[in-house]
1. Please find, within segment 64-78, the residue that is farthest from residue 109 (Cα to Cα) out of those that are touching a residue at least 24 places away in the same chain (Cβ under 8 Å) and surrounded by 12 or more Cβ atoms within 10 Å (Cβ to Cβ).
2. Going by what's in this entry, would residue 174 be described as farther than 23 Å from residue 38 by Cβ and either over 16 Å from the mean Cα position of the chain (by Cα) or modelled with pLDDT under 70 (or both)?
3. Among the numbered criteria (1) within 21 Å of residue 15 (Cα to Cα); (2) in contact with a strand residue (DSSP E or B) (Cβ under 6 Å, 6 or more places away or on another chain); (3) touching a residue at least 24 places away in the same chain (Cβ under 8 Å), which one does residue 34 miss?
4. Just checking, how many residues over segment 98-126 are surrounded by fewer than 18 Cβ atoms within 10 Å (Cβ to Cβ), in contact (Cβ under 8 Å) with a residue 40 or more places away in the chain and outside any loop (DSSP other than H, G, I, E, B)?
5. Hey, any hits in segment 142-155 for a residue that's within 29 Å of residue 49 (Cα to Cα), assigned to a strand (DSSP E or B), at pLDDT 70 or above and more than 13 Å from the chain's Cα centre (by Cα)?
6. Tell me which of these residue 92 doesn't satisfy, since it passes every other one: (1) buried (at least 21 other Cβ atoms within 10 Å of the Cβ); (2) at pLDDT 90 or above; (3) out of contact with any helix residue (DSSP H, G or I) (no Cβ under 9 Å at 6 or more places or on another chain).
């Protein structure tokens, strides 16, 4: 489910802005776009490239209070404080969700999925195979749009009266009685 080089895990995503005021809408705004997201456990949150925001004219919202963003050695990033964020609907394979992403200069990356995202989704990551599986309870209840998970338990069996059996099956009526129900053979 991913492509990457040796030191990074990159995931292909599709996204669409969740908010674009109608009076400011252009031909580009509101259209889906795609790119590459880097999983980064050293990043605190979700970050989106200033270039993506500009190129796709995504609607930026101003933070109540600008935030400092520091790099690994404790220095504040060169581009200054984080002042804006965007709300996106992102889709990675069958996993879809709405997220807020801080607008920053993230180098050559389109989107960075940091610890806040990793903690919320707790994906199973196989670093040898460079693959990721969204198997958490949170994802199955909120983000995955696939067939439901089958839960274990005893099925409710209801034996219909043989009188409701179509005439053409009347010779087999015995197999529809409780006496004929037997457990499955050992396996």
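1. Residue satisfying both the conditions and the ranking: 67.
2. Taking the combined requirement at face value, the residue satisfies it.
3. (3)
4. 6
5. no
6. Answer for residue 92: the failing condition is (2).
The values are calculated or read from the model by the stated rules, or taken from the named source; none is laboratory data. These numbers were taken from a predicted model, which means no experiment stands behind them. Quick reminder, even Gly has a Cβ in these numbers, built from the backbone with ideal geometry, and neighbours come from all protein chains shown.
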